[in-house]
Amino acid sequence: MTNRIIHPEGWAPARGYANGVLTEDGTLYVGGQIGWTAGQVFEAHDFIGQMEQALKNILAVVEAAGGGPEHLTRLTWYVTDKQEYLAHQAEIGRSYRSVFGRNFPAMTMVVVSALVEDEAQIEIEATAKIPQA
């Protein structure tokens with residue numbers, strides 16, 4: 001088996017990147033997911049809404065590779081507003097658990113000045129280890 005591109009069914013085509021790459025050993029690399037829908041439309045315009053959509057996007061890629069939230073091993077969060085993040089800790093925790101349950105991989109948070117998509121307030125990339133049959 002060679003690396004396999006993972007693209008959830010029904011998603012708009014990725015342009016110049018892969019949403020996920022699954023390696024022979026079951027390591028899944030999920031490209032940075034932002035708060036837009038499968039059709040690449042921002043329905044949420046607030047931090048929490050975009051964060052929850054980004055997490056749902058990650059889960060969709062992981063599930064398309066045959067895994068679940070328990071297989072996540074790492075998340076790297078890029079946020080454009082540190083104060084917005086800090087002001088909503090309780091809501092962030094609730095939204096996180098609503099998508100991933102109580103699965104807490106290694107995480108890093110990075111504050112950035114901007115993201116490539118102007119409307120994006122957060123981008124999250126992930127790594128997972130998917131059991132191989």
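Rounded to the nearest 20 Debye, what is the dipole magnitude of the chain about its Cα centre when Lys and Arg each give +1 and Asp and Glu each give -1 at the C-beta? Don't skip to the end; give the middle numbers.
Numbers: 9 positive and 16 negative charges, 86 e Å.
I would put it at about 420 debye.
Helix 47-64 sits at what angle to the longest principal axis of the chain, using alpha carbons and giving 0 to 90 degrees rounded to 10?
It works out to around 0 degrees.
Ignoring everything but the protein chains, give the 1.4 Å probe accessible area of TRP36 in square angstrom, nearest 10.
Taking all protein chains as shown, TRP36 has close to 30 Å².
Can you tell me what share of the DSSP beta bridges in region 4-129 is antiparallel? A percent to the nearest 5 is fine.
Values: 19 of 25 bridges.
So the antiparallel bridges in region 4-129 amount to around 75 percent.
What ratio of Cα Rg to 2.2 N^0.38 Å holds for region 78-133? Show your work: numbers first, answer last.
On the way: Rg = 13.5 Å, N = 56, 2.2 N^0.38 = 10.2 Å.
Relative to the 2.2 N^0.38 Å estimate, region 78-133 comes out at 1.33.
Over the heavy atoms of LYS56, what accessible area does a 1.4 Å probe trace out, to the nearest 10 Å²?
For LYS56, the solvent-accessible surface is approximately 100 Å².
In the neighborhood of ALA18, defined by Cβ-to-Cβ distances under 13 Å, what is the net charge if each Lys or Arg adds +1 and each Asp or Glu adds -1?
Details: positive: ARG4, ARG15; negative: GLU125.
Summing Lys and Arg as +1 and Asp and Glu as -1 gives +1.
Give the residue from TYR17, ILE58, MET107 lying farthest towards the positive end of the charge dipole for region 4-129; charges sit on Cβ (+1 for Lys and Arg, -1 for Asp and Glu) and the dipole is referred to the Cα centre.
Among TYR17, ILE58, MET107, the one farthest towards the positive end of the dipole of region 4-129 is MET107.
Taking Cα centroids, how far is region 1-54 from region 76-98 in Å?
19 Å
Restricting to Cα atoms and excluding each atom paired with itself, what does the Kirkwood estimate give for region 4-129 in Å? If you can, show how the numbers build up before the last one.
Values: mean 1/r = 0.0687 Å⁻¹.
In region 4-129 this quantity evaluates to 14.6 Å.
If LEU115, LEU86 are ordered by their accessible area, calculated over protein heavy atoms with a 1.4 Å probe, which sequence runs from highest to lowest?
LEU86, LEU115
The values are calculated or read from the model by the stated rules, or taken from the named source; none is laboratory data. Predicted model only: the values in this text are computed from it and were never measured. Don't worry about glycine lacking a Cβ; one is built from the backbone with ideal geometry, like all the others, and counts go over all protein chains shown. SASA here: full protein model, heavy atoms, side chains in, ligands and nucleic acids out. Shrake-Rupley method; radii C 1.70, N 1.55, O 1.52, S 1.80 Å.
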